[in-house]
1. Would you work out the relative contact order for the stretch 256-350, in percent, from Cα pairs under 8 angstrom that are 6 or more residues apart?
2. Please identify, among 257, 133, 15, the residue showing maximal mean-square fluctuation in a Gaussian network model of the chain using a 10 angstrom Cα cutoff.
3. Please state the shape class of the stretch 121-268: rounded when a/c is under 1.5, otherwise prolate if a/b exceeds b/c and oblate if not, all from the C-alpha gyration tensor.
4. Most mobile of 96, 261, 277 per a Gaussian network model of the chain (Cα springs, under 10 Å)?
5. Let me have the 222 nm mean residue ellipticity of the chain computed from DSSP H runs of 4+ only, each contributing -39500 (n - 2.57), with the sum over all residues rounded to the nearest 500.
6. Go ahead and set up a Gaussian network model of the chain, Cα springs under 10 Å, then flag whichever of 308, 219, 283 fluctuates most.
7. If one computes the Cα centroid of the stretch 100-154 and of the stretch 224-275, what distance in Å separates the two points?
8. Exposure proxy check: 340, 181 ranked by fewest other beta carbons within 10 Å?
Amino acid sequence: MIEDEKILIIGFITSFLVVLLATPALIKVANAKKLFDEPDDKRKLHKTNTPSVGGIIIFAATLFSYALWFPSEQISGQILINSDLKYIVATLLILFFIGIKDDIIGTAPVKKLIGHFIVGLILVTMADIRLTSMHGLFGIKEIPEWASIFLSLFTYIVISNAFNLIDGVDGLAAGIGLIVCVSFGIWFFIAGELTYASLAFALGGSLLAFLIFNFSPAKIFMGDSGALIIGLIVSILAIKLIEFPKHHLPDELLGLSKPVFAIAVLMYPLLDTLRVFILRSVKGQSPFSPDNKHLHHRLLKIGLSQGKVALVLYSANILIITIAVFTSGVEPSICLYIVCGAAILISQIPFFIKKKLD
């Protein structure tokens with residue numbers, strides 16, 4: 001049997017190499033078949049036709065690596081495989097085809113929302129991957145089943161769309177996704193849960209290699225097919241982390257609030273999504289209508305390049321995660337206030353700088 005840490009490293013390297021070696025060919029095919037995003041929108045930052053089907057290779061490499069190096073147990077000569085795998089594969093396929101259709105010919109928002117709802121129902125009702133407790137946040141622990149189903153569905157839909165919404169600057173969604181995957185992967189590894197650690201590192205390897213082609217100036221975009229896949233996997237990882245049995249945790253993780261850590265890791269996409277949804281709703285617009293109100297747009301307006309915007313937001317996300325780790329042992333609700341307060345303050349810096357420049 002291969003040692004635990006070696007499985008994770010090999011899985012990471014496998015997905016990395018698949019994306020690294022296959023993406024140049026995908027770029028050529030996409031250009032030949034005119035599967036690119038044209039720079040004809042005032043919101044779009046790229047100036048040349050850029051392939052927008054990078055999600056194909058992210059999906060393929062992640063699934064290939066995860067299936068190939070999936071950690072399994074062997075008892076009495078029988079190989080046992082975690083039953084969650086079939087539901088993860090099934091839901092990934094649904095969102096992948098919804099995303100790739102949207103990248104090529106477009107998909108109505110209502111149809112995409114229905115797809116998200118179906119995926120959520122499969123994961124919540126069939127796979128039983130759902131939130132069952134608030135784990136002490138605001139003094140709440142167990143929650144009713146109806147609230148569990150609603151909260152879990154809401155979590156899937158919000159996180160899946162959050163990565164799609166932040167994919168507005170070269171390398172941003174892929175880089176944030178990489179940070180999230182590595183953070184969750186390390187947590188699961190320390191907790192001794194290889195099934196989800198391997199999933200996190202398989203996606204992380206894909207995203208690191210994709211960044212080589214996607215960082216400014218981007219040679220290819222991930223499109224909806226990539227962003228939705230990242231969002232789905234990350235939402236599964238987040239819920240599994242929050243619901244991980246506390247009595248199975250090692251001493252190193254006991255003081256760290258699971259929901260607070262998950263929120264801190266996902267703070268940037270969640271905060272930016274919540275912010276733009278509120279702004280759009282106040283103006284009477286659809287929460288899903290495109291605009292230039294995201295935090296990355298604000299950073300561009302104060303004069304930063306796309307590459308610098310991505311690096312600044314990577315740093316901010318890592319800082320929030322670090323704050324959550326260093327407040328380990330603090331009462332969960334207070335820890336959440338500290339993390340959210342720090343995130344809100346950091347997010348106001350671009351507006352303060354813009355005001356000074358004006």
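1. Numbers: 66 pairs, mean separation 43.1, N = 95.
Normalised by residue count, the contact order of the stretch 256-350 is 45 percent.
2. 133
3. Numbers: a/c = 2.16, a/b = 1.56, b/c = 1.39.
Here the stretch 121-268 falls in the prolate category.
4. Of 96, 261, 277, the most mobile in the Gaussian network model is 277.
5. On the way: 15 runs with 240 residues, N = 358.
It lands at -22000 deg cm²/dmol.
6. Most flexible of the set in this elastic network: 283.
7. 14 Å
8. Values: 340 17, 181 28.
The fewest-first ordering by Cβ neighbours comes to 340, 181.
All of the numbers you see were taken from the coordinates with simple rules; none came from a lab. Owing to the predicted nature of the structure, the values given are computational and were not obtained by experimental measurement. Positions of Cβ are generated from backbone atoms using ideal geometry, with glycine treated the same way; all protein chains shown enter the neighbour counts.
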